Structures are given as structure tokens and as C-alpha cells.
Amino acid sequence: MILRIFTYGVMGFLLLPLFATIATSFTELAYVAFPPKGFTLKWYWDALGRSEFGESLLLSFSIAVVTAVFATLLGLTVAVAIVRHRFPGRDVLNAFFLSPLVLPALVIGLALLQYYAQTGVGTTFAGVVIGHIVITTPYATRLIMASLTGVDHAIEWAAQTLGASRVGAFLRVTLPVIRNGMVSGAVFTFIMSFENVTVSAFLSTPRMTTFPVRIFLYWDQVVQPWLIAIASMVIVGTFVVLAVFDRLVSVRGLYGAGDRR
């Protein structure tokens, strides 16, 4: 009981700045102040009326969806190769695909910018997606590997002895069992891609600016309440996504086989 109270207390302390940000967005003052004075929704209406943020939001959402799909598929391929097979260079392959976790995102963004400039790729939608896939694939790989490790390989062999092909046994038996890990990897890579600033800042252009970069560009100016309102909507939206995800996929089942509700 004491441990639970302590845990909730620590969580509340860590989330306190987020709640303070949300509370500040309702102030009636024309500048940011805490505690807020009065209560109004005008800053939210002001934020929703800014078309440049709507365009950036749609761009970030599109990039995050494409990134989540490809990063999850790539992570699944790497996880199966590393967990289920033994071959020369296996550890090197594992280290290679997890290296973006070690390298600072600033270094990756700068390296991609230089590479695109030298190859003539340019800062395009595909270029930004590739950059996001590079930095998010390790997270999907780790989550899928955790789920796949908890699956007994014998169930695939049993399916093959009953007439299923090797690929068919994986698709019909193993894949449904590691569904939690794949969904977790997809959701996590989506969030990581959507909120990324460092790599996106290097690869964005004035005509193609992602939502987090658009917000970041305003922080060197006087912070307005409508910008706090935008940040508050992002915070609430993230909580909603995580809550829905927790209801659809059991968090307790991420590191084991199947749903354990």
C-alpha cells in the first residue's frame, strides 16, 4: 500500500509540469502566467484558426503513419532474424540496427542532411520518412524481439508437422501471438515520429515544416497563450492515444505471448 502511494506520488510529481501547462492555457491574460487568471477558451479558438499549424499537423500525421508501417515491418524482419536464427554476424546485425539508440539524434539529422545534399535526394517527404524510420526502427525491433522471445518455437514446428508451410506457420501461428509487440512497436514509433524535432529540423523546409518543428520555431519569440493551448492539445491527445492503446492492447502482455487480460 505504501509502495503504491509512493509510486502515485512520484508519477503525480513528474506529471505536474504538464498539468500546469494545461492550466495556463485557460488564462484570460494576454501573456503566459501561472497560476492562471480567470478562465477562457479563446486561446484554443485562436490556435484552431491558424492554418499553418493545421497543415503541419497533417504533414506530421502522414509522416508518422508511413514511418510506423515501415519501421514495424522492418523491425519484425530484424527481430525474427536475430531471435530465431543463428548465423555469423548476428551480433553485428543486432548492434547495427540498435545503433540509432546510441547515436545522438543531432548527429543522425546532420548526417542525413549531408547525405541528401551530396546524393541530390533533397529534403522531400520521402527523405523525412527515411530519417524517421532510421531513428524509430530500434524501438519497434526491441518491442517485437521481447514478444518473440516469449514464444515457444515448437508451436511453429507443430504447425509444420500438420501440413503448414514454414511461412504459413509463421503467419497463422506466430504472428497472431506476437500481435501485442507489433501493435506496441507501431504505436510507439508513431509517437516517436510525430513528436520528433531534432531530425525533422534538419530535413524540414519552409514549405514542408512538421508540427513539432513549427511549434519549436515560435519558442525563440515571446510565448503566447495560444501556443500554450496548442501544446496542451498535444499533451491531451497523447494521453488519449495511450489510454486507447492500453485498452486495446494489454501493456502487461507486451513482453509475453498474447493478451493476458
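No lab work stands behind these numbers, since they all come straight from the coordinates. Please read all numbers here as calculations on a predicted model, not as lab measurements. Quick reminder, even Gly has a Cβ in these numbers, built from the backbone with ideal geometry, and neighbours come from all protein chains shown.
Please go through segment 1-47 and write out the trypsin sites (Lys or Arg not before Pro) that DSSP classes as loop and that have at most 15 other C-beta atoms within 10 Å. Counting only loop positions with at most 15 other Cβ atoms within 10 Å, the trypsin sites (Lys or Arg not before Pro) in segment 1-47 are K37.
Ordered by the count of other Cβ atoms within 10 Å of each Cβ, fewest first, H132, H153 give H153, H132. Per-residue Cβ neighbour counts within 10 Å put W43, W157 in the sequence W157, W43, beginning with the fewest. Normalised Debye scattering of segment 35-79 at q = 0.22, 0.30 Å⁻¹ gives log10 I(q)/I(0) of -0.79, -0.97, counting only Cα atoms as equal scatterers and leaving out solvent. Cβ-Cβ distance of V236 and F125, R₀ of 22 Å, FRET efficiency by 1/(1 + (r/R0)^6): the value works out to about 0.20. Could you give me the percent of Cα pairs per 5 Å distance bin for segment 84-194, shortest bin first, beginning at zero and ending with the bin that holds the maximum distance? Pairs per bin, as whole percents: 2, 11, 15, 16, 17, 14, 10, 8, 5, 2, 1. By counting other Cβ atoms within 10 Å of each Cβ, how are Y31, Y44, Y139 ranked from fewest to most? Listing Y31, Y44, Y139 from fewest to most nearby Cβ atoms yields Y31, Y44, Y139. Per residue, the convex hull around the alpha carbon atoms of segment 1-141 comes to 207 Å³. Of the chymotrypsin sites (Phe, Trp or Tyr not before Pro) found in segment 189-224, those in coil by DSSP whose Cβ has at most 12 other Cβ atoms within 10 Å are W219. The equivalent ellipsoid that matches the C-alpha gyration tensor of segment 1-60 spans semi-axes of 31, 18, 8 angstrom, in descending order.
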